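**Q** Handing you this structure, nothing more for now.
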Amino acid sequence: MQVIEAEKVLFEQYGIKGKASKLPGELESNFKIKVNNKPTYILKFASKNSPQSELDFQEKMLLHLSNSKKNIEFPQLVKNNSGNYTSKIKTESGSFRKVRLLSWINGRVWSKVNPQLNHLRFSLGQKAGEITKTLLDFNHKKANRTFAWDIAQTAWVKEYLHLFSNDKKELVSYFLNQFYNFEKEYQTLRKSVVHNDVNDNNILVSDDLENPTVTSIIDFGDAIKTQIINDVAITCAYAIMHYNDPLEASLSIVKGYHSVFKLEEQELKYLYTLIGIRLVISVTKSAINKKENPENHYLLISEKPAWKLLRKWKLVSKDFAHYSFRNACAFTAHPKEHLFKNWAKKQDFSLATLFPTINKNKVEELDLSVSSLWIGHQKQYNDLDLFQFKINQLQKKVPSKIIAGGYLEPRSLYTATSYDKVGNYGKESRTIHLGVDFWLPENTPVHALFDGEVVVANKNLSDKDYGGFIILKHQQKDFYFYTLYGHNTAESVLKHKTGDTIKKGEQIAVLANYPENGNWAPHLHFQAFLSMLNYKNTFPGVAFFNEIEVWKSICPNPNLLFKIKGSKENLIDNSKEILSQRKTLLGKAMRLQYKKPLHIVRGWNQYVMDAFGRKYLDTVNNVAHVGHENFEVVKAGQKQMAVLNTNTRYLHKNINNLAKEILETLPKEMAVLYFVNSGSEANELALRMVKTVTNSKEIIASEMGYHGNTNATINISSYKFDGKGGKGTPKNTHIFPIPNSFRGKYRGENTAEKYANEVQLLINNIHQQNKKVGGFIIEPIISCGGQVELPKGFLAKTYQKVKNAGGLCISDEVQTGIGRVGKTFWGFQLHNVIPDIITIGKPLGNGHPITAVVCTKEVAEKFANGMEFFNTFGGNPVSCAIATQVLQTVKNNNLQENALIVGDYLKQKLLKLSKKFPIIRNVRGQGLFLGFELVNNYLQPLPKQTEYLINRVKDFGILMSSDGPDNNVIKIKPPIIFSKKDAQEVIFYLKLVFKENFMNSTKI
């Protein structure tokens, strides 16, 4: 059927003049009809062999749906010139075809929507559920037809197994065998007429790019009366094809479906296999079509993703999927959980049964959580001798108790790659502990709590952290459960064999010490669980946070057995409470990052961690200069803090040592230091020096410059006083245009002279007021103004003009100093200038509050005019010890070179990315002090896209932030230990997000 013929039929049968364009289809010929250049109708030519009864079935069904008042839009049937919904026409080829005209529904096809997040998949489930609910009271004789795409009629697939290679045949057979095993029970499930083909080309989505929802599901040509759960399986199968974790992706769909149309527990039991079966039908159809219709690419559109998903789906535990579906529908995840809990309530066990030789029945809770202060530094809990010592010391304080704890405790202790995976939201780690740990002496006997059968007795297979472990199965009247005893000696565990019967109270193991028990101090890991899932020789003791509701049901609290008073579950999200208190206790001017604020409790190198152990790659925090909680820096502070911390009125070597370390990195002209506590204080002191030395208050500064939060520094910070809440330029401040050659007053190459002349105009204006120039302050790369690199030659020309006018030049190195810019140790060195004063910020203390001001001898001598300078905390021994170690770490570990190499690598990757995504413009900066702007084709800023990008990459575990006068500049200034691998990760996820629809909505 050709376009011209379709337009002719449209006019002859419906009296409508329109432009037709062909749409893809398996059996029918479909055309989009535009009237007055707007999509208005869809013209459908039924296949040659379509009986009238099938068309009548579809017609009656659409009318039934259209008459319902559901929150979903359905295509409306249009009557022809004869008043009928179906026309019979003779084609130019001489064959007869039946034709229908339906109203066009606007919206984006599901396959074109990116990203497809949880709320969108939830709305998909809702709309599919609404259709099923509406069709419950609809029936038609053709609804019971024989149809290859009906999951319930899958038997035909067996005839085509010969079309597959051995590995594919095995995969298909795996799901077919599962289906045949339960087919008899399955046939008893609820039936109804369902859509039966909710695929990515039949789903329409709203045009809202930030929060899209499904508006309609179209094309009811495959509708049939079948098991209702089949429709859920089909909806899931097509919508989860491109996810790393397809099970997680399916849950929001199931949840949405259930919210509208209640699914039954018995139906959910089969959903995992039915999703597999729909994929099996799809790949089998593709194999057949390859032979019969090789030129029809539409028939093969889902083949590759279907095979890929089938392979992933086979790796998912069928039982875990079942429990996850139950949880999504608000049933207890494990169907026997309530039986176990009721049984456990009636039992009378104690720790004395487990450890009869210890004679203790009380516990002392031990906090090993992510935020635990007890475990200390990330590196310290890997010091086994120290860990054992701390356990021993704690035990001495509580001799009558067993040290215990850990159920559902979020831990950052598990650092092996076997605990990690890449899920739908970037890297994920297993962090939530599923059992209870009891810390006891080496060789403590462990006894069985109940009669049981040995199902696993093993050592160090897939999970080395168990040491020697044993799993027992306990059969009760209506259910069974398992107990796991881990971290034992291999010798004691391997005395048992699979199938052995164990009696209550029988000794089954003795505790091992490290390294045999998996590099831990002696303890027992005890865990109760209700299913072995797919595991045969081991069982996980730690789970992913996003799966924890299911794991809680599979692995109930062991204290249900022991009934220890005061024992607690540790998985508590108190972030809302903290946020509420913060809003009450702290000023509203203190801003939080991100739409949904993060609750960060631990730092480690280039990462920070939230309360549940989720790691975030930090590309923003330049204060943690040599890495979050750098161990050597922490130790330096701890050692000195334990000895002395006082002010600078006493002699102490630490302040001298720090001064020497700093001066070694500077030109000889920079000779004298003062120590304070913050960048604001440093710049405040620099301004005081300027006023004292020049006897002038007149300060020249850049537009969008930021130099601190004190009154004096706010007064020279255009970023603040020209922004929201500001009151404009103060009396003694003189602002020149930000020297931004990309979107500033002067653009392109050779703008240095023009911007330097702007400074000269301010100097002239100051002189015309019969005033003297006091000072000039600027960052070597302007940070809050948007990571702006100064035009080449600008700073040298400007310094000369200011010095000729008798002013002092301040280099604000609060953010750019100490090796960050890579090519040089200090930012001003990029420009071949010598300042009069340098201010150094908190990176000097790696987050500890110590900063410095360095000046020439001439400035220092004039500043010493009799008025004492004193700062209570500035330059104290602890701060100086920390800062000295920071500088030594930068030097000893070649971190300036690392900033250069990794920064250049990342910059080149960003430039390459900008060629693919033109929204990225003007990649700039030096070393690990980079930025890029998001603008449209007219160089107009895109702050909404910038905010969207920041919040989206956060979802993938990457922290980014924005700045600039229009909040459209992404700033990148991570700890300078950042690696090429980190840079690759950043680029990978930036690329993903830049492909998303909202990031491409930039036209004006």
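Since every read-out is calculated from the coordinates, none of them should be taken as a lab result. Keep in mind it's a predicted model, so treat the numbers as computed, not measured. FYI the Cβ positions are ideal-geometry reconstructions off the backbone, even for glycines, and counts take in every protein chain you see.
**Q** What are the residues whose amide H is under 5 Å from the amide H of Val542, where those residues sit 5 or more places off or on another chain and H is modelled from the backbone?
**A** Residues meeting the amide H criterion: Leu434.
**Q** Dividing the convex hull volume of the Cα atoms of the stretch 339-562 by its residue count, what figure in Å³ per residue is obtained?
**A** 123 Å³
**Q** Specify the angular offset, from 0 to 90 degrees and rounded to the nearest 10, of the alpha carbon long axis of helix 794-804 from the longest principal axis of the alpha carbons in the chain.
**A** Orientation of helix 794-804: about 20 degrees from the principal axis.
**Q** While we're looking at this one, here's another question. Rounded to the nearest 20 Debye, what is the dipole magnitude of the stretch 339-562 about its Cα centre when Lys and Arg each give +1 and Asp and Glu each give -1 at the C-beta?
**A** 320 debye
**Q** Which residue, Ser93, Val9, Ser53, has the largest displacement toward the positive end of the dipole of the stretch 3-106 when charges sit on each Cβ (Lys, Arg +1; Asp, Glu -1)?
**A** My answer, from the dipole projection, is Val9.
**Q** Still on this structure, please answer the following. Just the C-alpha atoms of the stretch 322-435: what Rg/Rh do they give, with Rh taken as the Kirkwood radius?
**A** Radius of gyration relative to Kirkwood radius: 1.05.
**Q** Let's test the formula: R0 of 45 Å, r as the Cβ-Cβ distance of Lys596 and Leu560. What FRET efficiency results, to the nearest 0.05?
**A** Calculated value: 0.85.
**Q** Cross-link candidates for Lys477: which aspartates and glutamates have Cα within less than 17 Å, leaving aside residues fewer than 8 places away along the same chain?
**A** By straight Cα distance, Lys477 reaches Glu337, Asp451, Glu453.
**Q** Multiply the residue separation of Lys141 and Leu23 by 0.36 nm, subtract the distance between their alpha-carbon atoms, and state the gained length in nm to one decimal.
**A** Length gained between Lys141 and Leu23: 39.5 nm.
**Q** On alpha carbon coordinates alone, what is the Rg over Rh value for the stretch 470-627, Rh being the Kirkwood radius?
**A** My calculation of the ratio gives 1.09.
**Q** Computed on alpha carbon atoms, what radius of gyration and Dmax characterise the stretch 3-106, expressed in Å?
**A** 13.4, 43
**Q** For the pairs Lys60/Lys255; Lys133/Lys304; Lys22/Lys916; Lys909/Lys973, flag any whose C-alpha to C-alpha distance is greater than 22 Å.
**A** Pairs exceeding the cut-off: Lys60/Lys255; Lys133/Lys304; Lys22/Lys916.
**Q** Turning to a different aspect of this structure: Taking the alpha carbon gyration tensor of the stretch 634-892, what are the square roots of 5 times its eigenvalues, largest first, to the nearest whole Å?
**A** Result for the stretch 634-892: semi-axes of 31, 20, 17 Å.
**Q** Between Ser47 and Asn804, how many nm apart are label points set 7 Å from Cα along the C-beta direction?
**A** Result for the modelled spin labels: 8.6 nm.
**Q** Follow-up. Count charges around Gly405 for me, please; just the other residues with Cβ under 10 Å from its Cβ, Lys/Arg as +1, Asp/Glu as -1.
**A** Neighbourhood net charge equals -4.
**Q** Within the stretch 671-702, what residues put their amide N at less than 17 Å from the label point 7 Å along the Cα-to-Cβ vector of Asn647?
**A** The answer is 674-678.
**Q** Next question. Which pairs break 31 Å Cα to Cα here: Lys345/Lys596; Lys184/Lys497; Lys583/Lys615; Lys290/Lys312; Lys112/Lys168?
**A** Check vs 31 Å cut-off fails for Lys345/Lys596; Lys184/Lys497.
**Q** Ranked by Cβ crowding within 10 angstrom, fewest neighbours first, how are His433, His707, His767, His258 ordered?
**A** With the fewest neighbours first, His433, His707, His767, His258 line up as His767, His258, His433, His707.
**Q** Can you give the charge dipole size of the chain about its Cα centre, rounded to the nearest 20 debye, using +1 on the beta carbon of Lys and Arg and -1 on the beta carbon of Asp and Glu?
**A** Roughly 1640 debye, rounded to the nearest 20.
**Q** Next up: Once you put a point 7 Å from the Cα of Glu365 and another 7 Å from the Cα of Lys312, both along the Cβ direction, what distance in nm separates them?
**A** The modelled label-to-label distance comes out at 3.9 nm.
**Q** Report the rotationally averaged projected area of the stretch 109-328 based on its alpha-carbon convex hull, in square nanometres.
**A** 11.7 nm²
**Q** Please give the FRET efficiency for Ser68 paired with Lys90, using the beta carbon to beta carbon distance and R0 = 30 Å, rounded to the nearest 0.05.
**A** It comes to 0.25.
**Q** By how many nm would the segment from Ser103 to Glu858 grow when fully extended, if each residue of separation counts as 0.36 nm and the alpha-carbon distance is taken off?
**A** 263.4 nm
**Q** OK, next. Which entries in the list Lys158/Lys314; Lys803/Lys842; Lys588/Lys727; Lys668/Lys842 go over 26 Å, if you measure between the two C-alpha atoms of each?
**A** Lys803/Lys842
**Q** Between Glu897 and Asn211, take the C-beta separation as r, use R0 = 41 Å, and let me know the FRET efficiency to the nearest 0.05.
**A** That pair, Glu897 with Asn211, gives E of 0.35.
**Q** Using only Cα atoms, find the angle between the long axis of helix 575-585 and the longest principal axis of the chain, and express it within 0 to 90 degrees, rounded to the nearest 10.
**A** 40 degrees
**Q** Shifting gears a bit: Once Cα extents along the principal axes in Å is worked out from the coordinates, which option in (1) 131, 69, 52; (2) 104, 88, 50; (3) 107, 76, 69 does it equal?
**A** (2)
**Q** Note the angle between two axes, namely the Cα long axis of helix 271-292 and the longest principal axis of the Cα atoms of the chain, as a number of degrees from 0 to 90, rounded to the nearest 10.
**A** Compared with the principal axis, the helix lies near 70 degrees.
**Q** Among Thr710, Thr132, which comes first, second and so on when ranked by fewest other beta-carbon atoms within 10 Å? Please report the intermediate quantities before stating the final value.
**A** Numbers: Thr710 15, Thr132 20.
Sorted ascending by nearby Cβ count, the order is Thr710, Thr132.
**Q** Go ahead and collect, in residue order, the members of the stretch 648-691 whose backbone nitrogen is under 19 Å from a label point 7 Å along the Cα-Cβ direction of Asn732.
**A** Residues 680-691 qualify, since their backbone N sits under 19 Å from the label point.
**Q** A follow-up question, please. If I stretch the segment between Lys421 and Trp374 completely, what's the gain in nm (0.36 nm per residue apart, minus their alpha carbon distance), one decimal?
**A** Gain on extension, Lys421 to Trp374, equals 14.1 nm.
**Q** Using alpha-carbon pairs under 8 Å, 6+ residues apart, how would you state the relative contact order of the chain in percent?
**A** Here the relative contact order equals 8 percent.
**Q** Measure off 7 Å from each Cα along the Cα-to-Cβ vector at Leu533 and Gln187, then give the distance between these two points in nanometres to one decimal.
**A** Rounded to a tenth, the inter-label distance reads 3.5 nm.
**Q** Karplus couplings for the stretch 475-483 from phi (6.51 cos²θ - 1.76 cosθ + 1.60, θ = phi - 60°), rounded to Hz, Gly and Pro as x?
**A** Those phi angles translate into 8, 10, 4, 10, 6, 9, 8, 10, 10 Hz.
**Q** Quick one: Cys329, Cys236, fewest Cβ neighbours within 10 Å first, how do they rank?
**A** Result, fewest neighbours first: Cys329, Cys236.
**Q** Also, quick follow-up: Roughly what % of DSSP beta bridges within the chain run antiparallel, to the nearest 5?
**A** 80 percent
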